[in-house]
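Here's the structure, in structure tokens; my notes come after.
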Amino acid sequence: MPKLVIDGQEIEVEDGLTLIQACELAGVEIPRFCYHERLSIAGNCRMCLVEVAGMPKPVASCHMSVNDLRPGQDGSPPQIMTSTATVKKAREGVMEFLLINHPLDCPICDQGGECDLQDQAMAYGVDASRFALNKRAVEDKNIGPLIKTIMTRCIHCTRCVRFMTEVAGVEELGAIGRGEDMEITTYLERGMTSELSGNVIDLCPVGALTSKPYAFTARPWELRKTESIDAMDAVGSNIRIDSRGREVLRVLPRNHDDVNEEWISDKTRFIWDGLRTQRLDKPFVRRRGRLEPTSWDEALSAAAKRIKAAKPSRVAVLAGDLTGAEELFALKDLSKRLGVKSIDCRPAGSGLDPKLGRASYLFNTTIAGIDQCDAILFIGSNPRLEASVINARIRQRWRDGGLKVGLIGERSDLTYEYEFLGAGPQTLADLVKNKSGFYRALKSAKRPMIIVGETAVTRPDGKAVLALAAKLAGEVGAVTKNWSGFNVLHTGAGRVAGLDLGFVPSAEGKDAAAILDGVKKGRFDVVYLLGADEFDLKRGHDTFFIYQGSHGDRGAHLADVIFPGAAYTEKSATYLNTEGRPQMTARAVFPPGEAREDWTIIRALSDVLDQTLPYDTRAQLRAAMYRAVPHFAALDEIEPASSTALTALAKKRATMAKEPFGSAFGDFYLTNPIARASAIMGEMSALIAAGGEGATGTDG
């Protein structure tokens, strides 16, 4: 391991590190614009210049490897100086060049207060320039409804280009021209269509790329910053919610190397306008065919009256994708006290079952485990749409080399090369039976992964597909003592918590598919929908619908009674991501009007039903939940699932249908009530539907 002396401090570093990384390990901060630790090295801003003993001029520390340095004549370690007069003069010269054409519009720039150029100009800028000619101007580009461009500010660091090419895998940005005529632009006149494109806003060190929906809305110092967890998918991305007053104004990523690194999807980032539109802010009761606002007492009494009048066997409970563990636990507890056995948190027809063991429905490899795999088989999954951040991690592993990818399901652009094996379960059966083709690639891999998507298990033959996938995983060595390569990729943030809590029907109860069929045939008197907007339900017969949720979406249109709940940004709730990692949201703003946190509504309803739940505070509820499921208390830690359950699952037999695997959802941008209430998501949906051509959402 090389030894270096950095500003008089001797340190030992790993082979292959760059000087800028070595300096950071020594606690020395080096200014930079183009360098980013998760992107390839460009070395084109030259702001990171340092002085190396024995070299005639300063060197770019981002581009120089520690292995390229020579020891001193006496054999002493190489000497690096980062704060000499030579270094300071060199950096000041670079800053002067950068500011030659940069416009003086900091007061109106949305990057103000968060601008790397501003910060570094304080240390290395001067009050006058030796350049007397006019500043150049660059035409702004319209690249869609998400990203605002003022390209005159661009300093050509190329972070955005490298991100879109390397991480997002969509080559939509590039540089044209040379020297003073160089511009960053899209290759064609079209909007950016990557699900991760918004990350270039964070990467841009100046105000060239900013958030178009957030433009001229607020300054950073006006905002209250709340660290929380995303609920738009089952990845569990770490986010920061910036709010002012009672409104969420933007969502930014937080770094978590084992989950989302520092990226988030565009749906996560730009969903915030949907948090304040089409909101349910007071209770409603249906009278004479119309929903009318009412008091909490009247709404609770109306719901309790119908529940008491119905037999427990004719009452059903369905939970949606955005529900937190606390309300699921409370509603399951209440259902049990009422004798209601038809409860479910899964999509209709799902073959996932807690009785098969936790390993049968978790992403057992863990998200970070993707970095170690050398073969992946997707079964009925499109990770680019179902978990964009995970797909970016798979792409990074593919770019590192040595990864073979196979797909059984709907053919689509995953941003990396893969072998298309077939469209349906028969292909999977043939793979296991014939043990040829991609089977051999999995068998020869040291750490193979099987990833089963929800679309593969939400079918009549879902359990058969799951069992056959488990059998394949066992045969190719994907499940061993030190490696569990059998994975299920969920799409709902609340799904894993619901399965861990056992929010599924008992032996005498009906599952989601049977509940939907029973509603059509008039077999249920009362159906309780806890944020359940994903189910294909219609009003009919004499079924009484109780809807508890945050938005006036599909479930609210059905309802006879509406309980206004809180969105994920308005409550402290526990979510388990697809790998089973418990994480907790934090309340950034209060729910609007008379809306309340979901568990408190269920607790109030239990009083009216004369089945009072034994917890009056969130702390008491969580204590009860932790007693029932202890691993929920270990926040940010994964409780490994026993792989022995997969052996039993692999032995199950069932008949599979011939229909090909479909898509988990039709539109990436409109998958839940908050997204459907968002005008920004609506614009992106329209842009994708138009193929990204012509109109790019909004003019600007």
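The values are calculated or read from the model by the stated rules, or taken from the named source; none is laboratory data. The model shown is predicted, which means the values in this text are computed figures rather than measured ones. As a convention, Cβ positions derive from the backbone with ideal geometry for all residues, glycine included, and neighbour counts pool all protein chains shown. Keep in mind that these areas ignore ligands, DNA and RNA; they rest on the heavy atoms of the full protein, side chains included. Shrake-Rupley method; radii C 1.70, N 1.55, O 1.52, S 1.80 Å.
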Note to self: I'd like the FRET efficiency for R411 and K481, computed as 1/(1 + (r/R0)^6) with the beta carbon distance as r and R0 of 51 Å, rounded to 0.05.
What the structure shows: 0.90
Next item on the list: For the chain, give the magnitude of the charge dipole about the Cα centre (Cβ charges: +1 Lys/Arg, -1 Asp/Glu; no others), in debye to the nearest 20.
Entry: 2440 debye
Notebook entry, point to check: Ignoring any ligand, DNA or RNA, what whole percent of the accessible area of the chain comes from carbon and sulfur when the probe is 1.4 angstrom?
Noted result: 50 percent
Item checked: Long-range HN-HN contacts of L249 with modeled amide H, under 5 Å -> D242, S243, R244
Checklist line | Antiparallel %, DSSP beta bridges [both residues in the chain], to 5 | finding: 55 percent
Next item on the list: Could you tally the net charge around R397, taking each other residue with its Cβ under 14 Å from the Cβ of R397, Lys/Arg +1 and Asp/Glu -1?
Entry: +1
Item checked: Angle between the chain longest axis and helix 598-608 axis [Cα atoms, degrees, rounded to 10] -> 20 degrees
Notebook entry, point to check: Which value, in debye to the nearest 20, describes the size of the charge dipole of the stretch 591-700 about its Cα centre when Lys and Arg Cβ atoms bear +1, Asp and Glu Cβ atoms bear -1, and nothing else is charged?
Noted result: 740 debye
Next item on the list: Please determine, in degrees from 0 to 90 and to the nearest 10, the orientation of helix 618-628 with respect to the longest principal axis defined by the Cα atoms of the chain, where the helix direction is its Cα long axis.
Entry: 80 degrees
Check: Residue separation times 0.36 nm, minus the C-alpha to C-alpha distance between I176 and L188: what's the value?
Finding: 3.1 nm
Notebook entry, point to check: Which FRET efficiency value, to the nearest 0.05, do you get for A648 and A123 by plugging their Cβ-Cβ distance into 1/(1 + (r/R0)^6) with R0 = 60 Å?
Noted result: 0.45
Next item on the list: First check a/c for the stretch 348-486, with a ≥ b ≥ c the square roots of the eigenvalues of its C-alpha gyration tensor; if it is under 1.5, answer rounded, and if not, answer prolate when a/b is larger than b/c or oblate otherwise.
Entry: rounded
Check: What value, in deg cm²/dmol to 500, does the helix sum -39500 (n - 2.57) over DSSP H runs of n ≥ 4 give at 222 nm once divided by the residues of the chain?
Finding: -7500 deg cm²/dmol
Next item on the list: Using the heavy atoms of the protein chains and a 1.4 angstrom probe, tell me the accessible area per residue for the stretch 464-612 in square angstrom.
Entry: 30 Å²
Notebook entry, point to check: Roughly how many Å² is the accessible area per residue of the stretch 296-405, as a whole number, for a 1.4 Å probe?
Noted result: 32 Å²
Check: Considering only the other residues whose Cβ falls under 13 Å of the Cβ of A302, what net charge follows from Lys and Arg at +1 and Asp and Glu at -1?
Finding: +1
Note to self: What do you get for the angle between helix 462-475 and the principal long axis of the chain? Use alpha-carbon atoms, 0 to 90 degrees, nearest ten.
What the structure shows: 50 degrees
Next item on the list: Can you grab the distance from the C-alpha centre of the stretch 107-186 to the C-alpha centre of the stretch 18-90, Å, no decimals?
Entry: 24 Å
Item checked: Relative contact order computed over the stretch 160-311 (Cα-Cα under 8 Å; 6+ residues apart), in percent -> 13 percent
Note to self: Could you give each residue of the stretch 87-101 its phi-based ³J(HN,Hα) in whole Hz, using Karplus coefficients 6.51, -1.76, 1.60 with θ = phi - 60°, and x for Gly or Pro?
What the structure shows: 5, 4, 5, 5, 5, 5, x, 4, 4, 5, 5, 5, 8, 4, 10
Next item on the list: Per residue of the stretch 258-275, in order, report the coupling 6.51 cos²θ - 1.76 cosθ + 1.60 (Karplus, θ = phi - 60°) as ³J(HN,Hα) in whole Hz, putting x for Gly and Pro.
Entry: 8, 10, 10, 6, 9, 10, 9, 6, 5, 5, 5, 6, 10, 6, 4, 6, x, 6
Check: Put +1 on the Cβ of each Lys and Arg and -1 on the Cβ of each Asp and Glu in the stretch 122-256; which of A123, G174, T226 then has its Cα farthest toward the positive end of the dipole?
Finding: A123
Item checked: Interchain or long-range residues, amide H under 5 Å from K404's placed H -> A375, I376
Check: What are the ³J(HN,Hα) values, in whole Hz, obtained from phi via the Karplus relation 6.51 cos²θ - 1.76 cosθ + 1.60 with θ = phi - 60°, for each residue of the stretch 662-668 in sequence order, with x given for Gly and Pro?
Finding: x, 9, 5, 7, x, 9, 4
Next item on the list: With the Cα gyration tensor of the stretch 394-457 in hand, convert its eigenvalues to equivalent ellipsoid semi-axes via √(5λ) and list them largest first in whole Å.
Entry: 19, 16, 10
Checklist line | Paramagnetic reach from H557 (point 7 Å along Cα→Cβ, amide N under 20 Å) across the stretch 485-527 | finding: 516-517, 519-521, 527
Notebook entry, point to check: Per residue and in Å³, how big is the convex hull formed by the alpha-carbon atoms of the stretch 274-353?
Noted result: 161 Å³
Check: With contacts defined as alpha carbon pairs under 8 Å and 6 or more residues apart, what's the relative contact order of the stretch 574-645 in percent?
Finding: 40 percent
Check: Using a cut-off of 29 Å between alpha-carbon atoms, which lysines can reach K212, once sequence neighbours fewer than 8 places away in the same chain are excluded?
Finding: K135, K141, K148, K225, K267, K571
Next item on the list: Return a whole-number percent for the relative contact order of the chain, with Cα pairs under 8 Å and 6 or more residues apart as the contact set.
Entry: 16 percent
Item checked: Using a Förster distance of 30 Å, the FRET efficiency for Q73-N44 (Cβ separation, nearest 0.05) -> 0.35
Item checked: Charge context of K267, other residues only, Cβ under 11 angstrom, K/R +1, D/E -1 -> -4
Next item on the list: Calculate, for the stretch 87-172, the solvent-accessible area per residue in square angstrom, rolling a 1.4 angstrom probe over the heavy atoms of the protein chains.
Entry: 48 Å²
Next item on the list: Classify the stretch 204-303 as rounded, prolate or oblate from the Cα gyration tensor: take a ≥ b ≥ c as the square roots of its eigenvalues, call it rounded if a/c is under 1.5, otherwise prolate when a/b beats b/c and oblate if not.
Entry: prolate
Check: Taking 0.36 nm per residue of separation and subtracting the Cα-Cα distance, what length does fully extending D610 through R399 add?
Finding: 70.0 nm
Checklist line | Euclidean distance between Cα centres, the stretch 199-248 to the stretch 465-518, Å | finding: 34 Å
